[in-house]
Amino acid sequence: MGAILKGIEMPYHRGLHRFAVFTACATLVLIVAGALVTSNDAGLSVPDWPTSFGSFYKMPQMVGGIKYEHGHRMVAEFIGLLTIILAVWTWSVEKRRWLRLLGLAALTTVITQGILGGVTVLFFLPAPVSSAHAAVAQTFFCIAVSIAVFTGRRWVEEQPRTELEQRRPALFTLTLLSIFVLYVQLILGAMFRHHGLSWWPHVINAAIVAIVLSWTAVRAISVYPQVDAVRRPAIAMLGLMVAQLCLGFLAFITRVMWGRDAAQPELPMVISTVVHVAVGALLLATTVVLAIQVWRHVPVAFEERVPGQDQKPVAA
């Protein structure tokens, strides 16, 4: 059975969905690998690009920072291959044109990510480029997660239960604001890790993130508890936000206070930073999923004025 949209049957492709989920999970591994490179100051351990020590295929001796940097490149190449397969597969079997285009967007994003990674090496880790590299990585992760959602059986086959949103600001607006402040936090954090910015803007924006995401989550949970597709990601977002704040504090302690004069990154600094980055990626992706589900299940209502008649809420 497939869902019907505008007279077009949309069959559920189990293989494509499972592959999309696998790609999204593998992308999280890539983000962790990238965080290991940064946290261990291993960014220039392999000094050339696109080759590694002059070769495209020879495995260098995996010692010191090389195991992090070259390992990161190997995972990135694997993700690139997965994305090519995902884009071709989506284009071949999907009848939803916008989803086919999203597959191409994923491929474009991963290519951009690879180029930015190379530029960071060739120009000796410029902070703006390295920060863009981090932001694009998490953007790709969100696209991969979105494709996994859109290809899922529940999305394809269920009839969404809609609840008109008449409050202002609308819940969908709050989810978009949440994504925005998380992106700002991502960039500020990346600039700090790459020594392009002090720590205090990151800390101040963390308070803004906490306020906005709490507002969004509480609105979603309290007003739409009957809509599982909205309530569940809202609860997950709130839990991840609390965990991320705690991890951010731990990373600040280990990196700024305890590790200020360390000759090289110490294990507590590396662990706290890497987990902080990974949970941040999950938080951003969960917020994107929440925005998608709110867009589907809680459309915005507006007041349409009709002369001589009472005002009626109409879905936008």
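A few points about this structure:
- Of the set (1) of a type outside the set (Val, Ile, Thr); (2) without any contact (Cβ under 8 Å) to a residue 24 or more places away in the chain; (3) outside any helix (DSSP H, G or I), all apply to Pro160 but (2).
- In the range 81-112, residue nearest to Pro47 (Cα to Cα) [restricted to those that are assigned to a helix (DSSP H, G or I) and of a type in the set (Lys, Arg)]: Arg100
- The conditions of being under 21 Å from Ala137 (Cβ atoms), part of a helix (DSSP H, G or I) and touching a Pro at 6+ places or on another chain (Cβ under 7 Å) are met by Leu188.
- The condition of being assigned to a helix (DSSP H, G or I), touching a residue at least 60 places away in the same chain (Cβ under 8 Å) and either of a type in the set (Gly, Ala, Ser) or in the same structural domain as Leu36 (by TED's automatic domain parsing) (or both) does not hold for Ile115.
- Residue that is closer than 24 Å to Gly34 by Cβ, in a helix (DSSP H, G or I), at pLDDT 95 or above and of a type in the set (Val, Ile, Thr), where the choices are Val242, Val181: Val181
- In the range 68-104, the qualifying residues are those that are over 16 Å from Arg18 (Cβ atoms) and of a type in the set (D, E, K, R), and the one that is surrounded by the most Cβ atoms within 10 Å (Cβ to Cβ) is Glu69.
- Enumeration of residues in the range 31-80 that are part of a helix (DSSP H, G or I), under 23 Å from Ala132 (Cβ atoms) and among the aliphatic types (A, V, I, L, M): Ile31, Val32, Ala33, Ala35, Leu36, Val37, Met74, Val75, Ala76, Ile79
- Scope the range 191-231; condition touching a Ser or Thr at 6+ places or on another chain (Cβ under 6 Å) and either within 22 Å of Ala243 (Cα to Cα) or part of a helix (DSSP H, G or I) (or both); matching residues: Met191, Arg193, Val212, Leu213, Thr216
- Residue match in the range 72-79 (condition: farther than 27 Å from Val270 by Cβ and either over 25 Å from the mean Cα position of the chain (by Cα) or at pLDDT 95 or above (or both)): no
- Test: Trp49 is surrounded by 13 or more Cβ atoms within 10 Å (Cβ to Cβ), free of Cβ contacts under 8 Å to residues at least 24 places away in the same chain and on the phi < 0 side of the Ramachandran plot: no
The values are calculated or read from the model by the stated rules, or taken from the named source; none is laboratory data. In this text, all values refer to a predicted model and were calculated from it rather than measured experimentally. In this analysis, Cβ positions are derived from the backbone assuming ideal geometry, glycine residues included, and neighbour counts consider all displayed protein chains.
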